[in-house]
1. Could you list all residues from segment A:30-72 that are among the basic types (Lys, Arg), in a loop (DSSP other than H, G, I, E, B) and surrounded by 18 or more Cβ atoms within 10 Å (Cβ to Cβ)?
2. Condition first: more than 25 Å from residue A:14 (Cβ to Cβ), open to solvent by 40 Å² or more (accessible area, probe 1.4 Å), within 11 Å of chain B (Cβ to nearest Cβ) and in a strand (DSSP E or B). Can you find one or more residues in segment A:91-114 that meet it?
3. Taking the residues in segment B:65-94 that are crowded, with 21+ Cβ neighbours inside 10 Å and facing chain A (nearest Cβ under 10 Å) as candidates, determine which candidate is farthest from residue B:22 (Cα to Cα).
4. Cβ-Cβ under 9 Å, sequence separation 6+ or interchain: first residue in segment B:97-115 and closer than 18 Å to residue A:37 by Cβ, partner open to solvent by less than 30 Å² (accessible area, probe 1.4 Å) and among the basic types (Lys, Arg). Which pairs?
5. Do you know which residues across segment A:54-68 are closer than 14 Å to residue A:92 by Cβ and either modelled with pLDDT under 90 or aliphatic (A, V, I, L, M) (or both)?
6. Looking at (1) under 28 Å from residue A:6 (Cα atoms); (2) modelled with pLDDT of 90 or more; (3) more than 14 Å from the chain's Cα centre (by Cα), can you tell me which one residue B:43 breaks?
7. Residue under question is residue B:62, and the condition is that it be open to solvent by 20 Å² or more (accessible area, probe 1.4 Å), within 14 Å of another protein chain (Cβ to nearest Cβ), without any contact (Cβ under 8 Å) to a residue 24 or more places away in the chain and part of a loop (DSSP other than H, G, I, E, B); does it hold?
8. Does residue A:82 count as open to solvent by less than 30 Å² (accessible area, probe 1.4 Å), in a loop (DSSP other than H, G, I, E, B) and more than 28 Å from residue B:49 (Cβ to Cβ)?
Amino acid sequence: AQTVTQSQPEMSVQEAETVTLSCTYDTSESDYYLFWYKQPPSRQMILVIRQEAYKQQNATENRFSVNFQKAAKSFSLKISDSQLGDAAMYFCAYRSKSRGSQGNLIFGKGTKLSVKP
Amino acid sequence: GAGVSQSPSNKVTEKGKDVELRCDPISGHTALYWYRQSLGQGLEFLIYFQGNSAPDKSGLPSDRFSAERTGGSVSTLTIQRTQQEDSAVYLCASSLAAGGPNEQFFGPGTRLTVL
């Protein structure tokens, strides 16, 4: 079974600075998806960024980028020029591409990010 | 169109009562997922629907939990004889189809508190 681990329960960053959130996962599959979701206090989960395992190039979405190290099974999220609105819980998630998969997400326990003005 | 909606937003119930949680997915989305978010367990997958059918119910925590989806649209998650450990936020998500590159869009969740 696949597992996702986020080793940082809480992180803090100064506004305009850069922060990196860590995520590792375990799987025997060779192709899969990895995601970072943001959950603000409103509870609405919002997709931040997505990575396909067979793509070596790291995904980037504006101020958000990932460092995907497939061999190390590591998928960290870098937030540049942090803004007050980035404060939220961040979840790393895995989704199998296997034929029998239901397409559900497997989540880590989350990292609570605080942004200091 | 509108996003995924869930009702009620919050539900407080007494131990032993039954509750129904509703999810209205994005129109045209065939895949629907229920997740539970609790302090102790994090986010866990409960059940998935493709159209009206749920091929695998093994993710439901106990036989007190059941779910159905009618007309390929609205889904209800029913918890019978609620227990305090059922207290959690129940999240619903929908996507155009299961798996693949399809993004799952989440609703705002229902916070269930069992007294």
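1. The answer is A:43, and nothing else.
2. Yes, because at least one residue in segment A:91-114 is more than 25 Å from residue A:14 (Cβ to Cβ), open to solvent by 40 Å² or more (accessible area, probe 1.4 Å), within 11 Å of chain B (Cβ to nearest Cβ) and in a strand (DSSP E or B).
3. B:93
4. What qualifies is B:99/A:95; B:104/A:95.
5. Of everything in segment A:54-68, those that are closer than 14 Å to residue A:92 by Cβ and either modelled with pLDDT under 90 or aliphatic (A, V, I, L, M) (or both) turn out to be A:59, A:66.
6. With (1) under 28 Å from residue A:6 (Cα atoms); (2) modelled with pLDDT of 90 or more; (3) more than 14 Å from the chain's Cα centre (by Cα) applied to residue B:43, the lone miss is (3).
7. Numbers: open to solvent by 20 Å² or more (accessible area, probe 1.4 Å): yes; within 14 Å of another protein chain (Cβ to nearest Cβ): no; without any contact (Cβ under 8 Å) to a residue 24 or more places away in the chain: yes; part of a loop (DSSP other than H, G, I, E, B): yes.
Against the criterion (open to solvent by 20 Å² or more (accessible area, probe 1.4 Å), within 14 Å of another protein chain (Cβ to nearest Cβ), without any contact (Cβ under 8 Å) to a residue 24 or more places away in the chain and part of a loop (DSSP other than H, G, I, E, B)), residue B:62 does not qualify.
8. On the way: open to solvent by less than 30 Å² (accessible area, probe 1.4 Å): yes; in a loop (DSSP other than H, G, I, E, B): yes; more than 28 Å from residue B:49 (Cβ to Cβ): yes.
Spelling it out, residue A:82 is indeed open to solvent by less than 30 Å² (accessible area, probe 1.4 Å), in a loop (DSSP other than H, G, I, E, B) and more than 28 Å from residue B:49 (Cβ to Cβ).
The values are calculated or read from the model by the stated rules, or taken from the named source; none is laboratory data. Note that the structure is predicted; figures quoted are calculated from it, not measured. Glycine also receives a Cβ, built like all others from the backbone with ideal geometry; neighbour counts cover every protein chain displayed. When the accessible area is computed, the model is the full protein with side chains, heavy atoms only, and any ligands, DNA or RNA have been set aside. Shrake-Rupley method; radii C 1.70, N 1.55, O 1.52, S 1.80 Å.
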